[in-house]
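What follows is one structure encoded as structure tokens, with my remarks underneath.
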Amino acid sequence: MQTNRGSFGRNFTETMSGSWGTELWDQFDNLEKHTHWGIEFVERYSKFVKERSEIELSYAKQIRNLSKKYQPKKNSREEEEYNRYTSCRAFLMTLGELNDYAGQHEVIAENLSTHILSELTRYIQELKAERKSHFHDGRRAQQHIENSWKQLESSKRRFERDCKEADRAQQYFDKIDADINVTKADVEKRCSLKARQQAQLKHQVAEDSKNEYLTYLQKFNKEQNEHYYTLIPHIFQRIQEMEERRIERVGESMRTFSEVDRKVLPIVSKCLDGMTKAAESVEPKTDTRQVVESYKSGFEPPGDVEVEDYGVAMRRTVSESSYLNSRGEGGKQSRRNSRGKLWPFIRRNKGSGPEDCSHLPPEQRRKKLQSRINDLNKDIQKELDQRDALTKMRDVYMKNPHMGDPSSVDSRLEEVIQNIDKLQLDARKYQGWLAEVESRLAEKGDPHRRASGLYDSQATAPVNRESPDGSYTEDHSTERHFKSRSTEFDDDFDDEDPLPTIGTCKSLYPFEGQNEGTISMVEGELLYVIEEDKGDGWTRVRRNEEEEGYVPTSYIKVFFDTNAKGAMTYI
């Protein structure tokens, strides 16, 4: 039997070389600890994937918030500015691509959670159940072989005890049989027979114990051989396969971990390409030209200052554009009238302005009128499309009365037609204003007309740029309007405190303040700024406590006081 077991062991070792069943047959406890550690490792890796997923979600959320934070508000002036310049449009494109970029990180987080975390969580539960089953079988096999060993040891001790008792009985019989002191024959005969029977009984018990011991020994050897060469190798082999599957599953999860990122790389690359394309779309010259289009007023630069002949021996008429008028003799009268002239502009209209956009400079007025005409044309086209649709519907109802009543469409159709007439009337009105502005700009653009009419315009009507509220009319109706307003509001605001100074300015060109509410200045003169430009091209300044008015913003260089309330921080 020993030879057979050795042969079986060699064959089994050859077939199972490197397996846990043969190499680690006596390491049951260590295998139990190792597999428990393996499950803890999978749980630790799952926790790592979960935290990575949470980081991706948090990062995506922060990126989205960042993109949203720097988006301009809809229908705001900022949005108009962003749509005007190529650099701003590129920035908007970058923000859009960044938002898509954040979406890819959300995809990464979702795939990590779905393809790795959820699968590993389910697999860990299955792994724990399988491990528990294998080690339960191993403990049961171990318990069985231990019980078999206990039976063998018990039969061995019983066999040893019975052998000793048989020897003592035999020794006792031999002693009685050899005792020479016994004289009586019947007593000798009776004792010798009893001792012989007792010795024979003990020998028989010892023989039975021997047979039982040999039986248990043979049984134990067989079970032990089966335990160490069949059961335990089979159980350990299943545990080894379970461990290999666990390791393989972790490796697959790690590959998936990298593939999750790799799958979104093409889209992320497209987002980055979009950002690069947005950067390449920036055109500096286009943006600078757009600045010209946005702020061009259409005004002419100031002309030469006329000569005033002081050698003529007569009372000289003071020119409104002369420095003496602002500082000397004429200044007193100007100071007396300036306060009344300025009050109408203290509460000037800061809304959208007149319907004909006459409050804007010529070039800006032209663009504003053109924009409104374009909007009106779009509205007209919408109404025309709706009129055609309603007309077709009415025709269908007339041909198929069961589909609807034709008269039900008439009221809506009449309303649409009225809207079209009103919009077309408005469009013609704006087109007339636009034609007027374009004709004036064309006249100013003609050098011959500009040369011949330069002094005439200065001598007759005020030039366009000198209207403080931006009306830019070439007749005196505006001046009469300002005078009436000055008289009306003069009494209401005589007691108000003057506006605080928010900075200073230096005149770059001479300016003739011929209209109501304006103030004359000479080149290089220093004035106090009391109200900044509100977007109409005029800045309110003060020469002294009583003399103040509006001057063109483009004619001065402003130095704002950063400590003044409401002052700007730029020049």
### Task
Give the range 60-78 a look and list any residue that's part of a helix (DSSP H, G or I), of a type outside the set (Val, Ile, Thr) and either within 10 Å of the chain's Cα centre (by Cα) or surrounded by 12 or more Cβ atoms within 10 Å (Cβ to Cβ) (or both), or say none.
60, 61, 62, 64, 65, 66, 67, 68, 69, 78
### Subset of the range 237-252 (residues that are exposed (fewer than 14 other Cβ atoms within 10 Å of the Cβ) and among the β-branched types (Val, Ile, Thr))
247
### Query
Between residues in the range 192-204 that are without any contact (Cβ under 8 Å) to a residue 24 or more places away in the chain and in a helix (DSSP H, G or I) and residues that are open to solvent by 80 Å² or more (accessible area, probe 1.4 Å) and of a type outside the set (Gly, Ala, Ser), which pairs lie under 6 Å by C-beta distance while being six or more apart or on different chains?
192/177
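I'm checking my understanding of the structure. Among residues of the range 504-518 that are in contact with a Ser or Thr (Cβ under 9 Å, 6 or more places away or on another chain) and open to solvent by less than 10 Å² (accessible area, probe 1.4 Å), which one is farthest from residue 294 (Cα to Cα)?
Let us first name the residues in the range 504-518 that are in contact with a Ser or Thr (Cβ under 9 Å, 6 or more places away or on another chain), namely 505, 508-518.
Now narrow it down to the ones that are open to solvent by less than 10 Å² (accessible area, probe 1.4 Å): 505, 511, 517.
On the way: 505: 24, 511: 24, 517: 26 Å.
Filtering first and then ranking leaves 517.
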### Query
What do you reckon, is residue 81 closer than 27 Å to residue 252 by Cβ, among the acidic types (Asp, Glu) and in a helix (DSSP H, G or I)?
no
### Query
If the Cβ limit is 8 Å and pairs must be 6+ apart or interchain, which residue in the range 511-524 that is of a type in the set (S, T, N, Q) pairs with which residue that is part of a strand (DSSP E or B)?
518/511; 518/549; 518/550; 518/551; 520/511
### Task
Determine whether residue 104 is in contact with a helix residue (DSSP H, G or I) (Cβ under 8 Å, 6 or more places away or on another chain) and more than 30 Å from residue 252 (Cβ to Cβ).
no
### Query
Out of the range 84-106, which residues are farther than 30 Å from residue 262 by Cα, in contact (Cβ under 8 Å) with a residue 40 or more places away in the chain, assigned to a helix (DSSP H, G or I) and open to solvent by less than 40 Å² (accessible area, probe 1.4 Å)?
86
### Query
From the set of residues in the range 394-411 that are open to solvent by less than 80 Å² (accessible area, probe 1.4 Å), assigned to a helix (DSSP H, G or I) and not small (Gly, Ala, Ser), which is farthest from residue 377 (Cα to Cα)?
397
### Task
Only one of these is at pLDDT below 85, of a type in the set (A, V, I, L, M) and farther than 30 Å from residue 225 by Cβ: 193, 201. Name it.
193
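The values are calculated or read from the model by the stated rules, or taken from the named source; none is laboratory data. All of these numbers come straight from a predicted model, not from anything done at the bench. Cβ: placed from backbone, ideal geometry, glycine included. Neighbour counts: every protein chain shown. Just the protein is used for accessible areas: all its heavy atoms, side chains included, with ligands, DNA and RNA removed. Shrake-Rupley method; radii C 1.70, N 1.55, O 1.52, S 1.80 Å.
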